[in-house]
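Accompanying notes for the structure given below.
The values are calculated or read from the model by the stated rules, or taken from the named source; none is laboratory data. Model, not experiment: these values are computed from the prediction. Cβ coordinates were reconstructed from backbone atoms using ideal geometry, including for glycine residues, and neighbour counts include every protein chain displayed. Note: accessible area is taken over every heavy atom of the protein model, side chains too, but ligands, DNA and RNA are not part of it. Shrake-Rupley method; radii C 1.70, N 1.55, O 1.52, S 1.80 Å.
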Amino acid sequence: MATPAIRMFRKIEGLFCVYKPAGVHWKLVRGSIETSLLKALNATPSQPLPTEVRFLALPVSEAEAPKGLTLSAASMPVLSKHPLVTGPEFQNIKVGVGHRLDASSSGVLVLAVGNGNKVLNNLYNTRVTRDYTLEGEFGTATDDFSHTGRIVERSTYGHITKDKLERVLAMLQGANQKALLLYSNVDMRSQEAYEMAVRGLLGPDGKSLPILTGLRCIHFEPPNFTLEVQCINETQKYLRKVVHEIGLELRSTAVCRGVRRTRDGPFTLQDALTRDHWAASDVIQAIGKKRSSKKKSKTQTKDSPLQPSEETTTVNQVKPVREQQ
């Protein structure tokens, strides 16, 4: 029979996400989650101790002693099973981490508990994309492309306009779209390519270089600007370098002041648990909510015919090729 701690552990097995603040290493976040879950598991009420039958000698007087020893059967608890003897039921718990965030970045960090680690591995084998918000500043270049690095160059930025910035972004996105098709290893004139694009499955086959599948400016107030990026196989250092290269294309310089992940596959900022909600009860609620939403999406997929996704960035590139056939 499963103990209360084991029943509780089964509830927290799965995937969930937390919000990692900037300036905190992801290992510290994972450690805090592990400690919180372990405390909750070992704080559950323990089961009653098992009992065993023992024969105890009854006290007798000196006058009755020569007659022999008198025994009595009694039910006694098995003290070897006591928590003070065996220790906590859970000594450690495995919490897996999805796509990492470096110390200076913030945003959605996906975690897995127990059997959820297998689901986590399967998730990242399906070409999931991630969304970021990048905050940049024109006029400065550093050795590590961030605003905290050593300054190596200063430049003017008064000639930069939003139209010029958007033209550079369009050029970068076009180059990355070509790379996406190149690494897909699929004939773009085939029916398979069209169906994969409709389903949003068109992407690099296996591990490839970082690819930007979406890039746009959502705020422009020189010297500051903000970009929204959708990408695959990226690192935060690569994204900072993208901001640096945008500055060079505009005949200026730029540094990245912040990297914030807003989506990692199916997990968004709305799903992320903040620091005050890393308790076991909040994790159980988050996992249950994600499971129920996944079941609903599967039901809707079975009931409705396949429809092209408006967010698929490669559909518009595949369709003209089909029309030429």
| message | Probe radius 1.4 Å, ligands and nucleic acids ignored: give me the carbon and sulfur share of the accessible area of the range 19-154 as a rounded percent. | response | 55 percent
| With every protein chain present, what is the per residue accessible area of the range 1-116 (1.4 Å probe, Å²)? | 60 Å²
| field | Hydrodynamic radius by Kirkwood, which averages 1/r over all alpha carbon pairs of the range 75-159, in angstrom | value | 18.5 Å
| request: Please work out the FRET efficiency for the pair Lys11 and Glu52, using the Cβ-Cβ distance as r and a Förster radius of 35 Å; give the result to the nearest 0.05. | output: 0.60
| note | Computed about the Cα centre, the charge dipole of the range 18-120 from +1 Lys/Arg and -1 Asp/Glu charges at the Cβ has a magnitude in debye, to the nearest 20, of 600 debye
| request: Give the accessible area for Phe9 in Å² (nearest 10); use a 1.4 Å probe, count only protein heavy atoms, and leave out ligands, DNA and RNA. | output: 40 Å²
| note | Residue span Ala22 to Gln191: 0.36 nm per residue of separation minus Cα-Cα distance leaves a gain in nm of 56.4 nm
| request: For Thr148 and Thr235, calculate 0.36 nm times their separation in residues minus their Cα-Cα distance, and state this gained length in nm to one decimal. | output: 29.5 nm
| said: For a protection proxy built on the mean count of beta-carbon atoms within 10 angstrom, sort 82-94, 159-171, 210-222 highest first, please. | reply: 210-222, 159-171, 82-94
| query | Pairs Lys178/Lys207; Lys11/Lys237; Lys118/Lys289; Lys11/Lys294; Lys162/Lys241: which exceed 25 Å Cα-Cα? | reply | Lys11/Lys237
| request: Would you kindly derive the ³J(HN,Hα) couplings of the range 276-290 from the backbone phi angles with the Karplus curve 6.51 cos²θ - 1.76 cosθ + 1.60 (θ = phi - 60°), listing them in order in whole Hz, with x for Gly and Pro? | output: 6, 10, 9, 6, 4, 5, 5, 5, 4, 5, 5, 5, x, 5, 5
| What percent of all Cα-Cα pairs in the range 129-264 falls in each 5 Å bin, counting up from 0? | 2, 10, 19, 21, 18, 12, 8, 5, 3, 1, 0
| task | Leaving ligands, DNA and RNA out of it, rank Arg100, Arg261 by accessible area with a 1.4 Å probe, largest first. | result | Arg100, Arg261
